[in-house]
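Participant: Just passing along the structure, written as structure tokens.
The values are calculated or read from the model by the stated rules, or taken from the named source; none is laboratory data. Keep in mind the model is a prediction, meaning the values are calculated, not measured. Heads up, the Cβs are rebuilt from the backbone with ideal geometry, glycines too, and the neighbour counts pull from every protein chain shown. Heavy atoms of the whole protein, side chains included, go into the accessibility calculation; ligands, DNA and RNA do not. Shrake-Rupley method; radii C 1.70, N 1.55, O 1.52, S 1.80 Å.
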Amino acid sequence: MKTKYVFVLGGVTSSLGKGIISASLAKLLQARGLRVTIQKFDPYINVDPGTLNPLEHGECYVTEDGGETDLDLGHYERFLNVSTSRANNVTTGKIYQTVIQKEREGAFLGKTVQVVPHITDEIKRRMMLLAKTGNYDVVISEIGGTVGDIESQPFVEAIRQLQWELDDEDCAILHLTLLPFLNAAKELKTKPTQHSVRMLQQNGLQPDIIVCRTEHHVTPDIRKKIALFCNVKPNAVIESIDAKSIYEVPIMMMEEKLDEIVINKLQLKAAKKPELTEWKKFLDKLQNPKTNVNIALVGKYVELQDAYKSILEAFIHAGATNECKVCVHYVHSEHITSDNVAEKLSNMHAVLVAPGFGERGTEGKIIAANYARVHKVPFLGICMGMQMAVIEYARNVLEYKEATTTEINPSSKYPVIDLMEDQKRLTIKGGTMRLGVYECLLKKDSLVYKIYGKEQLHERHRHRYELNNVYVEELERKGLYAVGTNTETGLVEIVEMKDHPFFIGVQFHPELKSTVENPHPLFVAFMKAALEYKQ
Ligand code: GLN
């Protein structure tokens, strides 16, 4: 079977949820027995989001193969339960980097290198790259930003060319737009959508499907109006009303028959009826919790929820598994002091100290780890969070009062966290951390072994610093054990305390591998420990 293409573009405003709509459509097609993947095209000039502050576009999602990518790839994986890769995220920076590299090699044989055709050719090559593997029946390409942005133009032009090159039944265009509700008029307005579609048409694209984000139901009259003005069939105007949970969206899209319309347009004859039993079971548990827990999320990027997206979603998966609602309390690590920590954390049933970079907010994370250790509150430290827990232990149990990480003080006398050997010579920041999947071997007498139920793990990483092995023996003698290591490099991947119901620090990012169908065992156990603590 030929690979089919769906392009998802957005209009009117950003943040309409193109990622969720793309993932929901992909889920429905997958539930019909099709092999689907999604890729994201980001029009910004950074080569990847690895160098971006999380407060800009949210967290940086790391793929198995070590790609630093847009957080939408996290949604794709969580919905589809299939891994993505570097190839699933392309930025303008990447496109230009490739084209300029080729130009330097003399590959263009004296020609003037231009946006059309050279940049658009490279965009098209990337759009079709995953299809070439033969692994997919449908490739969904989401274009970041909104139609009309200066920087989106080459992507829109590339889609126009592809649509012209492909057979009609091999390509569908979905436009996601906003229907604002004017309170004074008590009316949903269609004009911004009309303008946005007109802009697409001016660029040579005619959408096949229009998905309308709305806070109120779209009446048949409004559907007809949008259909008429935007030149689509009325059944191809889809309502996407605000949902309580993103995990409801695939079911809502199925009720709106989004998958049917796509299947008809692409003539996907192999598609079966959608099989969503497991998904619905998950939703049922999510919507009917028997109890609730308070979890503190301690970090310095708490102003933007997207900065900890994968952690929040892993909480939701683990909460549903335990049939409990997870109430997340954001605690800004910069605002924690020894004097106010009890006030901030005493109502919490568990504490998670988040990943991070740089000195700001680290003292607060150390105080939070101390509180959880001393008061025996379930604790999970992720990456920087684990490093802070080790520093806390070194300062207060080993009594090295000046213990720290060389990320904060490069000439520290007690560098319990230190730069990895192969990081020391690096001068370039982009793409040079320890990235992607590494193996970890667990000690069999550990809590984490019980949790995972196996000895060997593969988890994803994104860091430059490590637990300094010089201190491991002493830490263990005093009760903090290195229970997971990478056997090849000797790097400590997990620490845990024995004399505590649940005190675990992981150098990797378990949150990146939690999906609806496979909630992460560490998060599930963490939530269970929170429930037990509550009782
Ligand atoms: N800044 C720390 C390091 O580079 C932790 C990174 C993280 O939390 N992702 O090792």
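Participant: Restricting to region 26-74, what's the tally of residues that are closer than 18 Å to residue 130 by Cα and of a type in the set (A, V, I, L, M)?
Facilitator: 6
Participant: Taking the condition of being touching a residue at least 60 places away in the same chain (Cβ under 8 Å), of a type outside the set (D, E, K, R) and assigned to a helix (DSSP H, G or I), how many residues in region 253-303 meet it?
Facilitator: 8
Participant: A further question follows. Consider residue 357 against the criteria (1) within 16 Å of the ligand (Cβ to nearest atom); (2) of a type in the set (Phe, Trp, Tyr); (3) within 28 Å of residue 531 (Cα to Cα): it satisfies all of them except one. Which criterion is unmet?
Facilitator: (3)
Participant: While we're looking at this one, here's another question. List the number of the failed condition for residue 421; all other conditions in (1) more than 13 Å from the ligand (Cβ to nearest atom); (2) open to solvent by less than 40 Å² (accessible area, probe 1.4 Å) hold.
Facilitator: So residue 421 meets the others, but not (2).
Participant: Which residues, taken from region 482-496, are in contact with a strand residue (DSSP E or B) (Cβ under 6 Å, 6 or more places away or on another chain) and open to solvent by 20 Å² or more (accessible area, probe 1.4 Å)?
Facilitator: Residues satisfying the conditions are 485, 487.
Participant: Moving on. Would you be able to say whether some residue in region 394-415 is part of a helix (DSSP H, G or I) and buried (at least 21 other Cβ atoms within 10 Å of the Cβ)?
Facilitator: yes
Participant: I'd like to verify a number: residues in region 427-442 that are within 27 Å of the chain's Cα centre (by Cα) and open to solvent by 70 Å² or more (accessible area, probe 1.4 Å), how many?
Facilitator: Of the residues in that region, 3 qualify.
Participant: For residue 514, state whether it is farther than 25 Å from residue 67 by Cα, in contact (Cβ under 8 Å) with a residue 24 or more places away in the chain and either within 16 Å of the ligand (Cβ to nearest atom) or not aliphatic (A, V, I, L, M) (or both).
Facilitator: no
Participant: Give the number of residues within region 367-390 that are in a helix (DSSP H, G or I) and surrounded by 24 or more Cβ atoms within 10 Å (Cβ to Cβ).
Facilitator: Of the residues in that region, 10 qualify.
Participant: Hey, residue 514 hits all of (1) of a type in the set (Ser, Thr, Tyr); (2) open to solvent by less than 10 Å² (accessible area, probe 1.4 Å); (3) more than 23 Å from the chain's Cα centre (by Cα) but one; which does it fall short on?
Facilitator: (3)
Participant: Within region 258-291, work out how many residues are touching a strand residue (DSSP E or B) at 6+ places or on another chain (Cβ under 8 Å) and surrounded by fewer than 18 Cβ atoms within 10 Å (Cβ to Cβ).
Facilitator: 3
Participant: All but one of (1) touching a strand residue (DSSP E or B) at 6+ places or on another chain (Cβ under 7 Å); (2) under 26 Å from residue 63 (Cα atoms); (3) open to solvent by 60 Å² or more (accessible area, probe 1.4 Å) hold for residue 462; which doesn't?
Facilitator: So residue 462 meets the others, but not (3).
Participant: May I ask you to list the residues in region 107-128 that are farther than 30 Å from residue 27 by Cβ, open to solvent by 60 Å² or more (accessible area, probe 1.4 Å) and out of contact with any Pro (no Cβ under 7 Å at 6 or more places or on another chain)?
Facilitator: Within region 107-128, 109, 110, 111, 112, 114, 116, 121 meet the criteria.
Participant: Among (1) within 30 Å of residue 216 (Cβ to Cβ); (2) touching a helix residue (DSSP H, G or I) at 6+ places or on another chain (Cβ under 8 Å), which single condition is residue 155 missing?
Facilitator: Condition not satisfied by residue 155: (1).
Participant: Within region 388-400, is even one residue within 16 Å of the ligand (Cβ to nearest atom), on the phi > 0 side of the Ramachandran plot and touching a residue at least 12 places away in the same chain (Cβ under 8 Å)?
Facilitator: There is no residue in region 388-400 that is within 16 Å of the ligand (Cβ to nearest atom), on the phi > 0 side of the Ramachandran plot and touching a residue at least 12 places away in the same chain (Cβ under 8 Å).
Participant: Ok, one more. Please enumerate the residues belonging to region 376-387 that are on the phi > 0 side of the Ramachandran plot and more than 7 Å from the ligand (Cβ to nearest atom).
Facilitator: Selection gives 376 alone.
Participant: What number goes with the only condition from (1) at pLDDT 95 or above; (2) within 16 Å of the ligand (Cβ to nearest atom); (3) loosely packed, with under 12 Cβ neighbours inside 10 Å that residue 445 does not pass?
Facilitator: Condition (2) is where residue 445 drops out.
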